[in-house]
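**Student:** Here it is, the structure, as structure tokens.
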Amino acid sequence: MRLDSHRRSDTSAVSERALRGERLSFWVRIPRVLYGRLNVRRGVGRAVMTLAKFNPALRSLPVPLNDGRILYLDLREPMCMNYLLAGEIWMEQGPTKFVRCVLHAGEVAIDIGANVGWYSTLFSEQVGRTGRVYGFEPSTKACGLVTRTASAYPQLEIVNSALSDYEGKAELHLPAFGEMASLQSVPGELRAQECRVTTLDAFLKSRGKPVVHYVKCDAEGAELAILRGAAGLLASERPPIWQMEINAPTAARFGYHPDRIFEYFQSFAQAGYEAYKINAESGMLTPLVPPVELVRDDAVIVPRWQADRLAAYLRALNAPAQATSFHL
């Protein structure tokens, strides 16, 4: 099995076929020609963001990605420029390969910190219409965009809520870079909004306690609290694979070191979790043993019952020596 078998175009630039596609609007086609074909790498994104301030149509624009998925984007946002100009995000290439190998049709996946929907739509395509995906996004603005995107996926439910270890309400702090919204104050904060907060265990109970196969969690430091609110899921007979952003500075704002995340997984010994750092571009896996020295990296934490999926991924990656198994 080729890990890139789902890709429909070259990762380095939008393909000629995509550039000629009727789905590409003027506002997508011209910036991609400049950025990709003509190699104009400076000023294109800034020009688009400036134009979007005056053109409401660019604040919820359907933008096709290189692999054929479509995301609705607000082109005033810096975080949307990679999607617009390159059709993908380079730092998600490795984890995307992993997802495409280990998540199967008919399964259940959860996207915590859905933002504009890269993983929510990826999960939805993997599980198909017989599966189910729940995307959590507390930002009102980002939730509006990803909800429009989700209209193409009946298996995808977007939940306008943050996750933590309690139920109630909280303040969501919004910086200039929308993907870095946090339940704690952040540098460069522009404003705060009230948001709903729940626990993953409480939410899954409301949905009949489905078997969850995969969870991606990027919550700008709230990851440990989210795990505490998912203790029931972690203690289940078939716990999920977790993909987590490990970010030392954001964890510090919540008062803990990233080692505590791995220690918490270790407390569920029956799950037999194995932890790896995943390379953002290649998808190569490197074992993680606390104490860890990660600044802003993705980790995948795989339970024993899904070890066969990990083995299949390593075979497909053709680099089994990169990951020597160990149990937390």
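Taken together, the values in this text are just the output of simple stated rules run on the coordinates, not laboratory data. Predicted model, so just to flag it, every value in this text is computed and none were measured. Note that each Cβ is placed from the backbone with ideal geometry, even for glycine, and that neighbours are counted across all protein chains shown.
**Student:** With label points built 7 Å along Cα→Cβ from the Cα atoms of Arg260 and Arg315, find their separation and express it in nm.
**Tutor:** For the pair Arg260/Arg315, the computed spacing is 4.1 nm.
**Student:** Quickly estimate the mean residue ellipticity at 222 nm for the chain, helices only: each DSSP H run with n ≥ 4 gives -39500 (n - 2.57), and the total goes over all residues, rounded to 500.
**Tutor:** Rounded to the nearest 500, the figure is -8000 deg cm²/dmol.
**Student:** Can you pull the three principal axis extents for the Cα set of region 54-183, in Å, largest first?
**Tutor:** 40, 39, 26
**Student:** Next question. For region 213-253, what percent of Cα pairs sit more than 15 Å apart?
**Tutor:** 41 percent
**Student:** Next question. Between Met91 and Glu194, what is 0.36 nm times their sequence separation minus the Cα-Cα distance? Round to one decimal in nm.
**Tutor:** Using 0.36 nm per residue and subtracting the Cα-Cα distance, I get 34.1 nm.
**Student:** Starting from the 7 Å offset along Cα-to-Cβ, what nm value, one decimal, do you get for the label separation of Ala269 and Ile70?
**Tutor:** Reported label-point gap for Ala269 and Ile70 is 5.3 nm.
**Student:** Grab the other residues whose beta carbon is less than 14 angstrom from that of Asn160, score K and R as +1, D and E as -1, and report the net.
**Tutor:** 0
**Student:** Given N residues in region 152-251, what is Rg(Cα) / (2.2 N^0.38 Å)?
**Tutor:** Dividing the Cα radius of gyration by 2.2 N^0.38 Å gives 1.13.
**Student:** Note the full-extension length gain between Ser282 and Thr50 as 0.36 nm times their separation in residues minus their Cα-Cα distance, in nm to one decimal.
**Tutor:** Here the answer is 80.1 nm.
**Student:** Pull up all non-local amide H partners of Phe136: gap of 5 or more, or a different chain, and H-to-H distance under 5 Å with H placed in the peptide plane.
**Tutor:** Those lying under 5 Å, H to H, from Phe136 are Asp111, Ile112, Gly113, Ala114, Val159.
**Student:** Considering all alpha-carbon pairs of region 241-312, what whole percent are spaced by more than 15 angstrom?
**Tutor:** Within region 241-312, distances greater than 15 Å cover 53 percent of Cα pairs.
**Student:** Among residues other than Tyr72 whose Cβ falls under 10 Å from its Cβ, what is the net charge (Lys/Arg +1, Asp/Glu -1)?
**Tutor:** +1
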